[in-house]
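Peer 1: Below is one structure. I have some questions about it.
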Amino acid sequence: MSSIKQLQRADARLVILRVLSQDRGYSANHRILRISIDQLAAITLNDDQVKEHLSWLEDRGAVTTDSVPPFTLAKLTDYGLSLAEGHATLDGVSRPRPDQL
């Protein structure tokens, strides 16, 4: 995989975590997250690609997911919040820039 693709994946995952961290309930559905990734990171993904990122983040304990057809709902974990705020790091997730904190 090209380094540009890896950076885009890492940036998309950070956007997911940041959007969830800013929601009152620390949750959002995959379509809201897809739109957020497009607007905040200028990365266009389809629904399945966003769900793949959610699965990847869930496998690493950063989010939990629940299927409520036709949506996949994501909820931030404490670890995911630490990643979103830059207190923890994980290969495959970009670190927030100082101006994002």
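The values are calculated or read from the model by the stated rules, or taken from the named source; none is laboratory data. Predicted, not measured: the structure shown is a model, and the values here were computed from it. Heads up, the Cβs are rebuilt from the backbone with ideal geometry, glycines too, and the neighbour counts pull from every protein chain shown.
Peer 1: Cβ contacts < 6 Å: first residue free of Cβ contacts under 8 Å to residues at least 24 places away in the same chain and of a type outside the set (Phe, Trp, Tyr), restricted to segment 63-90; second residue in a strand (DSSP E or B) and surrounded by 15 or more Cβ atoms within 10 Å (Cβ to Cβ), any location; separation 6+ or different chain. Result?
Peer 2: Qualifying pairs under 6 Å: 64/75; 65/72; 65/74; 66/73.
Peer 1: Which members of segment 72-101 meet the condition of being surrounded by fewer than 16 Cβ atoms within 10 Å (Cβ to Cβ) and either touching a His at 6+ places or on another chain (Cβ under 7 Å) or under 18 Å from residue 23 (Cα atoms) (or both)?
Peer 2: Once the filter is applied, which keeps residues that are surrounded by fewer than 16 Cβ atoms within 10 Å (Cβ to Cβ) and either touching a His at 6+ places or on another chain (Cβ under 7 Å) or under 18 Å from residue 23 (Cα atoms) (or both), segment 72-101 yields 78, 85, 86, 100, 101.
Peer 1: Are any residues in segment 43-71 more than 13 Å from residue 20 (Cβ to Cβ) and outside any helix (DSSP H, G or I), and if so, which ones?
Peer 2: Correct list: 43, 44, 45, 46, 60, 61, 66, 67, 68, 69, 70, 71.
Peer 1: Just one of 7, 14 is surrounded by fewer than 16 Cβ atoms within 10 Å (Cβ to Cβ), assigned to a helix (DSSP H, G or I) and either modelled with pLDDT of 95 or more or in contact with a helix residue (DSSP H, G or I) (Cβ under 7 Å, 6 or more places away or on another chain) (or both); which is it?
Peer 2: 7
Peer 1: Something else: Is it true that residue 36 is among the hydroxyl-bearing types (Ser, Thr, Tyr), part of a helix (DSSP H, G or I), surrounded by fewer than 19 Cβ atoms within 10 Å (Cβ to Cβ) and touching a residue at least 12 places away in the same chain (Cβ under 8 Å)?
Peer 2: When the stated conditions are applied, residue 36 does not pass them.
Peer 1: Looking only at segment 72-90, filter to residues that are part of a helix (DSSP H, G or I) and not acidic (Asp, Glu); which one of those is nearest to residue 15 (Cα to Cα)?
Peer 2: Per the stated criteria, the residue is 84.
Peer 1: For segment 32-41, indicate whether the set of residues that are out of contact with any Asp or Glu (no Cβ under 7 Å at 6 or more places or on another chain) and of a type in the set (Lys, Arg) is non-empty.
Peer 2: no
Peer 1: Quick one: which of 64, 44 is among the polar types (S, T, N, Q), at pLDDT 95 or above and surrounded by 15 or more Cβ atoms within 10 Å (Cβ to Cβ)?
Peer 2: Just one listed residue meets the conditions, 64.
Peer 1: Based on what the data block shows, is residue 88 modelled with pLDDT of 95 or more, hydrophobic (A, V, I, L, M, F, W, C) and under 13 Å from the mean Cα position of the chain (by Cα)?
Peer 2: no
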